[in-house]
Amino acid sequence: MTAEAARAALTEAARAALCDAYRTLGRRGLMGGSSGNVSMRHEDGMLISPSGITPERIEPGHLVATGFDAPAPGASSEWALHAALYRADPARGAVVHTHADACTALACLNEPLPAFHYMVAGFGGDDVRCAPYATFGTAALAETAVAAMRNRTACLLANHGMVAAGPTLEAAMAAALDLEMLAGQYLLARSAGQPRLLSPAQMGAARKRFRTYGANAPA
Ligand SMILES: [Zn+2]
């Protein structure tokens, strides 16, 4: 196989994987129509979902290859958010952004997801921060998200939704699905009473165990 053919095969595989991820977000109810977007680092830039396509209609050919300096035609309106997250951390290989119900409900309270469950430690800290509100699609939103994601794999976006990232598409998807599950559980617990939060020492012990047994692996 020539180098060019190998590159084309890699691109094709990346498009198929991203397309699958987009469909999965739809099937799992995280998409709210076509409100989410997914990307993965590819060559010198990224492959990103197009703006305004439903998970039922997306095909691998719809994914848009673009650099980090300016969006290629058809790229998601949140292109700048994805680009800023890749620029801020070279270890990030994929980014998922959605308006999933539970995450968005909590983000609309402008509250972080606190240490109510040990799995919150899987995102890298004692909570999942909520980035302050900024207009969608702007560099200001990208900046607030980068700050809230420092040393973390996810954050909430006030009055908007959530972002998750990881070294691989699988890791970013797992973080997004876990975060939505946990946000739902937290809101359910809040509706029944005041959840008891874990201490920093208890969260530290959970993080240590995650490092040994693999991030976000429920035990
Ligand atoms: Zn959004």
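Looking at the range 118-139, which of its residues are farther than 18 Å from Ala102 by Cα and within 16 Å of the ligand (Cβ to nearest atom)?
Ala134, Thr135, Phe136, Gly137, Thr138, Ala139
So which residues in the range 72-94 are surrounded by fewer than 19 Cβ atoms within 10 Å (Cβ to Cβ) and not hydrophobic (A, V, I, L, M, F, W, C)?
Pro73, Gly74, Ser77, Arg87, Asp89, Pro90
It is to be established whether one or more residues within the range 158-169 are at pLDDT 95 or above and loosely packed, with under 15 Cβ neighbours inside 10 Å.
yes
Taking the criterion of being polar (S, T, N, Q), away from the ligand (no atom under 16 Å from the Cβ) and touching a Phe, Trp or Tyr at 6+ places or on another chain (Cβ under 9 Å), would at least one residue in the range 35-54 satisfy it?
Within the range 35-54, none of the residues are polar (S, T, N, Q), away from the ligand (no atom under 16 Å from the Cβ) and touching a Phe, Trp or Tyr at 6+ places or on another chain (Cβ under 9 Å).
Of all residues being in contact with a helix residue (DSSP H, G or I) (Cβ under 8 Å, 6 or more places away or on another chain) and of a type in the set (A, V, I, L, M) in the range 1-32, which is farthest from Met181 (Cα to Cα)? Just the residue, please.
The qualifying residue farthest from Met181 (Cα to Cα) is Met1.
Within the bounds of the range 143-157, is there any residue that is more than 13 Å from the chain's Cα centre (by Cα) and over 25 Å from Leu197 (Cβ atoms)?
Yes: one or more hits.
Pairs needed: first member in the range 13-41, over 18 Å from Thr168 (Cα atoms); second member anywhere, assigned to a helix (DSSP H, G or I) and away from the ligand (no atom under 16 Å from the Cβ); C-beta distance under 9 Å; at least 6 residues apart or different chains.
Once the first residue is over 18 Å from Thr168 (Cα atoms) and sits in the range 13-41, its partners that are assigned to a helix (DSSP H, G or I) and away from the ligand (no atom under 16 Å from the Cβ) give Arg28/Leu177; Leu30/Thr24; Leu30/Leu177.
Please name all residue pairs, on different chains or six or more residues apart, with Cβ atoms under 9 Å, provided the first residue is in the range 67-80 and is on the phi > 0 side of the Ramachandran plot and the second residue is away from the ligand (no atom under 16 Å from the Cβ) and in a helix (DSSP H, G or I).
Gly74/His62
Quick one: Arg92 ticks every box in (1) closer than 22 Å to Ala140 by Cα; (2) within 15 Å of the ligand (Cβ to nearest atom) bar one, so which box is it?
(2)
Name the residue, out of Ala164, Ala158, that is in contact (Cβ under 8 Å) with a residue 60 or more places away in the chain, closer than 23 Å to Tyr86 by Cα, within 16 Å of the ligand (Cβ to nearest atom) and not β-branched (Val, Ile, Thr).
Step by step, each of Ala164, Ala158 is checked, and only Ala164 is in contact (Cβ under 8 Å) with a residue 60 or more places away in the chain, closer than 23 Å to Tyr86 by Cα, within 16 Å of the ligand (Cβ to nearest atom) and not β-branched (Val, Ile, Thr).
Which of the helices (runs of 4 or more DSSP H) contained wholly in the range 110-219 include at least 1 residues that are closer than 19 Å to Arg28 by Cα?
Result: 169-192.
The values are calculated or read from the model by the stated rules, or taken from the named source; none is laboratory data. A quick note: this is a predicted structure, and the numbers were derived from the prediction, not measured. So basically every Cβ, Gly included, is an ideal-geometry build from the backbone, and we count neighbours across all protein chains shown.
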